[in-house]
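Read the structure below first, then the notes.
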Amino acid sequence: MKVMWGVWGCGGIARRRTIPEGIIPADNAGLCCVWDTDPAAVRDVAAQYRAHPCQDEVELLSGACAALYIATPVHTHLVQVRRAAEAGKHILCEKPLGLNVAEAEEMAAICRANHVKLGTGLMMRFHAQHQAARELIQAGKLGVPVFARAQLSCWYPPIPGAWRQDPATGGGGALMDLGAHCLDLLEMFFGPIASVSCSIANHVHAYNSEDTAVVLVEFESGARGLVDVLFNVPDASSRNRLELYGTQGCILAEGTIGQGEMGEMTVYLEDDAKNYEAQQARAAAETVRITPVAVNMYRAEIEAFSQAILDDAPPPIDGEAGLRIQKILAACYTAAATGAKTEIATSRKVG
């Protein structure tokens, strides 16, 4: 049995990734219809993937699809989620859910009131190497978690009308767009974040949103973390590193954070904690390459949400997960504006 999907927004990530890599090859999903404010995009995507090209959102919402994937600019999400929920459609919405916490809370409430499922597009959780790292940490192989770093950057020069470059349409810049994934992953690995300190800037580009953000994280466990996200580093130089340290070793990765299926991940483990050694030898730890079978994150995301519909179960990355990250992002912006560490209330189990 397959869940039939409609797509609201035929450009960007939907056209590059989620439709061709997620919906089309999914075992339990199919593409039903598409709509966008750009008629040419609707025509082209519908023809390429043999879907029905809707003439307007009314036709999209009245169609046969059971689920809608919303991949539009952030400032349109609230209205679109409301209309989709009132039409009885289950919704997978790209992150961030809204421009701010209030919008995300309203979206979650609307979906609950209309008894439809709300999912958040945090697909990097499905990455096979991220899942392998999480299993190692949960098995205690890393010992006591101590420090985590997540880095994501790209080259994003000024582009007329680019919604991510204006907080009024994107909610923020590098922190809102890239930081959401990094903060979500760090919570998946090390548990709830208790507080953040943050610095943002327009270091290279002169648009309204920040092109630079650095977040110092304090976890409830006492571990510390760092997130650095940038819109001003050339793509070929963006190494997108993940570093996870504990009392019995570390997990180091390059290229796993991003839109690709694989990267390089190495684990260094020791059987137990050693006494202090003045020479600080570096070659004693066991070194293991982590190379699980690659998983396409977009297909895994679509199949997981579709299965939740078929089983009438909660989506693995639901609206509450999106709301949680929205609250952490809001705390980061507050910390950047005030220069003070900002606390985050933990409302649910994360990871």
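Some values worked out for this structure:
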| item | result |
| --- | --- |
| Mean separation of Cα contacts under 8 Å (6+ apart) over length of region 207-257, as relative contact order % | 24 |
| Estimated D of region 90-174 in µm² per second, where Rh is the Kirkwood radius over Cα pairs and Stokes-Einstein applies at 37 °C, 0.692 mPa s | 202 |
| THR247/LEU226 FRET efficiency (R0 22 Å; Cβ-Cβ; nearest 0.05) | 0.75 |
| Diffusion constant of region 114-235 at 37 °C, which comes from Stokes-Einstein with the Kirkwood Cα-pair radius and 0.692 mPa s, µm²/s | 209 |
| Placed amide H near VAL144: partners under 5 Å, 5+ positions off or other chain | THR247, GLN248 |
| Unit charges on C-beta of K, R, D, E only; dipole of the chain, Debye | 100 |
| DSSP H segments from the chain that extend 27 Å or more along their own axis, Cα-based, with Kyte-Doolittle mean of -1.0 or above | 319-338 |
| Percent of C-alpha pairs per 20 Å bin, the chain, short to long | 30, 58, 12, 1 |
| Radius ratio Rg over Rh of region 143-301, counting only Cα atoms, Kirkwood formula for Rh | 1.02 |
| For the chain, calculated [θ]222 nm from helices alone, where every DSSP H run of n ≥ 4 adds -39500 (n - 2.57) | -8500 deg cm²/dmol |
| Charge tally in the Cβ shell below 14 Å around ALA313, where Lys, Arg are +1 and Asp, Glu are -1, ALA313 excluded | -3 |
| Residues PHE189, PHE147, PHE305, PHE126 arranged by fewest to most Cβ contacts within 10 Å | PHE147, PHE126, PHE189, PHE305 |
| Cα centroid separation - region 214-270 against region 67-146, whole Å | 22 |
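Taken together, the values in this text are just the output of simple stated rules run on the coordinates, not laboratory data. Just so it is clear, the model here is predicted, and its values are computed rather than measured. Counting neighbours? That spans all protein chains shown, and the Cβs are built from the backbone with ideal geometry, glycine included.
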